[in-house]
Structure formats: structure tokens, C-alpha cells
1. Using the per-residue mean of other Cβ atoms lying within 10 Å as a proxy for protection, in what order, highest first, do the peptides 740-752, 771-783 fall?
2. Using the charge dipole of the chain (Lys, Arg: +1 at Cβ; Asp, Glu: -1 at Cβ; taken about the Cα centre), state which of 354, 611, 508 has its Cα farthest towards the positive end.
3. Kirkwood-based Rg over Rh for the stretch 65-120 (C-alpha set), two decimals?
4. Quick one: pull the percent of accessible area on the stretch 326-444 belonging to carbon and sulfur, 1.4 Å probe, ligands and nucleic acids left out.
5. Given Cα pairs under 8 Å that are at least 6 residues apart, what percent is the relative contact order of the chain?
6. Taking the highest mean first, how do the peptides 44-52, 70-78, 167-175, 363-371 order by number of other beta carbon atoms within 10 angstrom per residue?
7. Collect residues whose amide H, placed 1.01 Å from N in the peptide plane, falls under 5 Å from the amide H of residue 499; neighbours closer than 5 in sequence don't count.
8. Once both axes come from the Cα atoms, what is the angle between helix 392-405 and the longest principal axis of the chain, in degrees from 0 to 90, rounded to 10?
Amino acid sequence: MPSLTRAEARDRAELLSVSRMEVELDLDRGAETFGSVTRIHVTATGDGQTFVDVKPVTLHRASLDGEALDVTALSDGRLPLTITAGEHVVEIEATMAFSHDGEGLHRATDPADGEDYVFSHLFLDAAPAVFACLDQPDIKAPYAVCVKAPVDWKVIGNGAATVADGGVWHLAETQPLSTYFVALCAGPYVSVHDEHDGIALGLWARASMAEQLREHAPEMLDVTRRSFDYFHAIFGIRYPFDDYDQVFVPEFNAGAMENPGCVVLRDAYLFRGAVGRDELLTRANTISHEMAHMWFGDLVSPQWWDDLWLNESFAEYMAHRCLVAATDYTEAWVDSTMSRKSWGYGAERAPSTHPVAGSPAPDAKSALANFDGISYAKGAAVIRQLIEFIGDDAFLTGIREYLTAHSFANGTLADFLGAMERASGEDLAEWSRGWLETAGVDALEVDRASGTISRQAPESHPADRPHALDIATYDGGNETSHIALTLQGDRAPVTGLDLAAPLVLPNAGDLTWATPLLDAQSLDALRGQLPLLADDQARAVIWVGLRDGVALARVDPRLLVDLGESALVTETNDSIFSRAGMHLTGRVIRVLLPEEEQDAARARMTRVGEQVLEAADPGSSLALHAARLVARTTDDVEGRLVPWAEGRDLPRGLEGDADFRWILIGQLSRRGVIGAAEIDDALADDRTMSGQLGSLTARAAIPTPEAKEEAWTDLTTNRERSNHELVAIAAGFWGPQDRSLVAPFVERYFTDVPRMTEWLGEDALARVATMTYPSRFVGEETLELSRAALARDDLQQGVRRSIVDQQSELEEALASRRAFPAPARP
């Protein structure tokens, strides 16, 4: 179906506005379809031709002011509409299909009890698959929604819900919303309720997760209350919507969605086993992030998709700021460095890099392709730079003006910059061109000989970006000097810096968005200095800088393995230990190192895990991450994998942990120690959604030609699989010790996966295409196949973007292996 273009959206918004939306949904028609009736109250500024968006299984009837419209005119999800000036009512009745790819109105069955659950996810253009509408962000309207549901179901939405006789639920009419924010969750959900500052709070989950919901509710509600108080204080505008429900749903594609009054979150956040502090921090950050959206995105929405950064960058920044200021997670910016900024830097390195703001978005699908770590992490870093440039008081004043002026309406980059300029008295045109409107990441490097720091912009995206940053030097783990400066232009002196110190670290506090290039002396000193370094933030900056260094083929990946062995054994920060460990095992060792060096390097990581597990407090977060590292890397089948999988000699805190057991079962399956029968037995012990996903991963890992063929067929042809099930299969597929078992599927990836566009939504398929890419096969043959696929003109845009980005990582691996080849054998 065609994607709405910006020109079409502009023309339609000039012709039509919507004063009210009435939506009636019947979810009591079985598991495949539901009924949808929509009345759209529109006002036309003149006579014209336009269209209504609707994507039904069957379009039963349509009318304009009671006069029938020709339903056979529906084409590619658009129903033509000839309209005259004045007020009108468009009414459309249709049968819609439940989805299984996480878009539209998704329906999932819980294997624990056979109950069905429904949730909506309408971002970015899935609303017409649920109700007829004018689907674009700048046409906002109040919504009056009623829902017929099975009698034992609960219904949660944007407005407070009441149920009448016959199982019909009525949701309170909302404030004006963009179409993609309309929310509906329905099923036998269980809940925990509270109230704070006059706002009714609700937490919801599947009935089979009631125990986990009750266990985690106190902390989640605490973060919710603290976030409300913080945002009320700094925004100066109270929460502008109805009750505040947070619904944890199955098979959700993203982390969460900021629907006003009805935030939807993936239910993996209701941890059922041992959980690390960094994982709790991530959940708290998500809760605060989605709440920040109530102001940035919901109260004020983007006029068009090229300004999505006004949603995501601000929510990203505000959530971290809130956690540090108002909760116990004061290390949130360290976690941001390790998890969020590393993601964003990877997006910047890819050919698909783009500016934070003003990215070309001629249609909605183009905008979705640019929804990545740049929109989130780089945008948040740029906001920190803006605050350094104009001051925090001016920033907050500008925010309040912007939110007040555009409440329940839409905003643009120009609107935002105007508010900031008025608040600060600064001209931000040049600043915006460098930071917001130009892609690329600068490299920062200290030259000891000249006593200067230099800035190098990428040749492909030249820009003059001022950097507010700090530089620190270290010796024996202690800071020997520290300076703060603003780098204007390409070079500046670093007066007061101890340039004789073994380690010189640009951007030590991670205030700016840049790649810190360590000089040769600092790189050589890392093996001795990093294990002693006391500053968590500085250690995080080093690890992420090294991640960029190996990706750019400037740093030997063997150095990272050495540092993993020497520095992770003394690491005390959960985010650093877990993220660095995952990068080492999943990227550095698995992809960047030559195949003949991988087993020995993996064994070194096992020893790191064993050392930390022995030294850490039993049951602690670090002990958990160490045990996971051992489980992922060990070759000790009889001493570790088998007894742990059988529940023997487990580290404290992991007794009965089903998710940890699935890691072990997957490893045993990958090695051929167990097969389908043992996996079925494990699933019989864990009849949950998580267990189902674990079993799919383990089955896909079975190292036989027959099992690989069966898994690939299931992955690429089974239209009944949910998006999460497909990702689970992909997670286990490529890992056998004998790579020849999966080598034939490298070529098949480039034909079979793109074909899945026939039944999978774009967002879901992009995730599957990324996860399934044969990144383990680092060679020119894979590169040639990838380039040939990109030369085709029939690739879905999301699949194309996934292949482009994965091919970029393949090219990085090839460059690294060329720059740092395996040592010659004697």
C-alpha cells in the first residue's frame, strides 16, 4: 500500500479538520477478526477531493452525511471522498483483522492458561487497520471509544473505562489526540492500583503474571510517582490527560509506547527470575521516558514525522535527568553511555546516518526508517549540548513556553528553536545547523606534543559543531588533572592538563556527542590503567570509545579481549560489566576476530565470568551477570552446563530461574548434547510465553541438517508465527560449532527473508531481517550477496534499511580483519 506523503498530508490538513472521532469496536467475534464502526466529524474549508484511510478485511458500508459512498472505490487503503465546505459526518463500518506482528490490533494467546490478550500499537501508520481515520499526526481530535468484549475481559484505553450491560465498555472522551496515540488493551488482565497527586494509577498484566506484577508493582509505582513530581516541577504544566495506566503486554515490538493515559510496555519488564540492577534501571528509565512523552509527543505532537526527534530526544534526555535527580538510579547517565549512546554511535557509522532533525521524510515509511539511535541517544546528547550553550534556566523557560503555546496541537523545529531563542536571547541558527540539521559524529583527540585538542568532522558530513566537554588524565586509577572547555573550531589549547599522565581521556564526563580517540600512549596504558580507574563514567566512555575504535578498524579487537580479561574482573558497575561483556562475546569475538582465535578468546571470557562469580556477593547483580557470561561462553558441559540445567550447584539466586535455564538448554542444544525430546521436556516444565520462545531458540540451535532446514522453513514460511517467535528462531539458528551446517542458508537469506513482506508488517520484518542477517559469515562472498540484494528494486523499505545497516557492520568486520590479521603461524 502507498505510504502517505508529506504533500498529501499537507493538502488534506488544509482542506479538513476533525472535531470529534467516535469509534465502536466489537472484539467478541472470535480470534481472527473484529468489527469497527467509525464516525468522523469533519469540517472542510472548501470543496475538494480527498480520502479516508481504512484497511479492512471487508468494507461493509460508508456514508457522508447519511448518503452512501461507493465501497468498491476503496483502493490501497484509501476511500475517495468528495466534500463541500462546512461540517460533515463520515461513517464507515468494516471488519478488521487482528494482527500477529505487533502492529495494528495485536492478539496473542498465553500458553500458560490459553487466554487471549489484545493490545493496539498504531505507530506509525497502523491506525487504519483498526478504525477509519485521517491518519496523519497533525490532524488531532478528541476520541469517544466504546468496545464490546467477552464478559470476562477488562478494557483499558486512553480514557477511564466503565462497563455497561452486555459487556460494552465506554472510555471517557479524550483530549485531542493524533491517530497513532489511540490505545486499546483488552483481555482478562489483572491489575494493581494506586493514586498519586490526584491521578489514578494502574498497572496491568496477563493473569498468568499476577505474581510478578504484585512483586514488582511497589518499585514501578515509586518510579511513577517520583517522575510525576519531577516533571510537574520542571515543566510547570500538570499531567494533561485522564488516569495513568501502564499495561504490560505480550509480543510487543518495542520497549514501550507512550499512548496518553494508557502506556503500553513489553511484559518482559515483569522479570520472573533473577534480575540485575541495570535491568531494573532500564525499566525505570522506560517508565520515566514514556511519562515524559505525555508532554513531549502527546500534549505537543510533531506536525510531520521529520520532527519525531521532538518526541524521542526529549523523552530520552528527560528520563535520564529525572532518574538522576529524583530516584535511586543516580548512575543513569553511565548506563546511557553503555547502552544508549553505543547504539546511537553505531547508527551514525552506518550509511543510513541522518540528522537529528529535518531528516528527509517525503512519506511516513521514510520517517520510520530513520527511527533509530540517532533519534534517541544523539538527540539527548545534543540537548545536553544545548543546555551548555544557553544555560539550564533558559532551557526550562523555553520548554515551558513551547509546551504552553502548542498544547493539544503540533510543533515544529522552528517552533522549538524560536522558544529557545526567546528564552536565551541567543541566535541558534548556526548551532542548529551544526548539531540538529547535519549528520555525523566528530572525533576528538588530544595531541600531547602540541598541548591541544583537535576536532575532526567526518568528510561526508562536514559541520562546525561547538563542543562543551571535559578532559581528564589518570595515573594508577587516580585523576591527576581535569579541565572543562568549549571547543570552537577545529583546535584549542588544553592548558592545565597533565599531559605526562599515562592516560588522557577526552570527553571523560561524556557530556558531548563525539568519538574520543585515545593517543598511542593512552592506548598502551589501558591494560594497566583501566582496571584501576575509579570513575564509572570515565570507564564507560573508554569502553564505548573502544567500541567505535574497533568498528573503525583503528583498534585491534584483541586489545578489547585483553581488557575484558583484566578490567571486567574488577568492574563494579552492572551496566559496564554486562554491556561490555555482551559486546565482547557477541561482536568482538564472534565476528571481528578470525575464526581460529575465537574459541581461545571465548574461554578467556569464561574465566572472567568464573572469577567474578566466585568473588561477587552471592545473589548479587554482578554475580547474576557473571553466571550468564559463563553460561554463554563455557565449554564445560559436564561441570557447568548439564548440572546447572538440571538445577544442581546453581549460584545463589538462580534456583528455579527458568530464563537462566533456557540459556543453558540453548547452549546444550547448540553443542548437540540434547535434542528435540529434551527441549520438549523443558517446555513441559515452563508452559509460558517465555518458555515457548526459549524452546524455539533451542530447537533452531539443534546442529543437524534436518533441524536447520526445519527451523529455516518455520522462520521464513510459517505465517502463523508472531514477530517475537520469528526473532526467537533467528536467535538460535546461526550458532552451531560446525558452520557448514548453516552455510547454505547465507544465500537463501537474501531471497527468503525479503519475501516475508507478503505477510509481515514493516516494523516487524525489519527486526526479523536484522536478527536473521548472516553476520557470522565474514567474507567477500556474503558481501557480494548483500550488495546484489540491495541492487534489487523490489525490497521493502524496512528490509532494505536492515540489510544496508547489517552490511555496513559486515564491511567493518572485513576492514578490521584486514587491518589486524591473524598472526602468522611459525
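1. Working: 740-752: 16.3, 771-783: 18.8.
Packing order, densest peptide first, comes out as 771-783, 740-752.
2. Value: 611.
3. Numbers: Rg = 17.5 Å, Rh = 14.8 Å.
So for the stretch 65-120, dividing Rg by the Kirkwood Rh gives 1.18.
4. Working: 1910 of 3820 Å².
Carbon-and-sulfur percentage of accessible area, whole number: 50.
5. On the way: 1625 pairs, mean separation 71.3, N = 826.
Normalised by residue count, the contact order of the chain is 9 percent.
6. On the way: 44-52: 15.4, 70-78: 13.7, 167-175: 18.9, 363-371: 20.9.
Per-residue mean Cβ counts within 10 Å order the peptides as 363-371, 167-175, 44-52, 70-78.
7. Here the answer is none, since no amide H 5 or more places off falls under 5 Å of that of residue 499.
8. 20 degrees
The values are calculated or read from the model by the stated rules, or taken from the named source; none is laboratory data. All of these numbers come straight from a predicted model, not from anything done at the bench. Using ideal geometry, Cβ is built from the backbone for each residue, glycine included, and neighbour counts are taken over all protein chains shown. Side chains included, ligands, DNA and RNA excluded: accessible areas come from the protein's heavy atoms. Shrake-Rupley method; radii C 1.70, N 1.55, O 1.52, S 1.80 Å.
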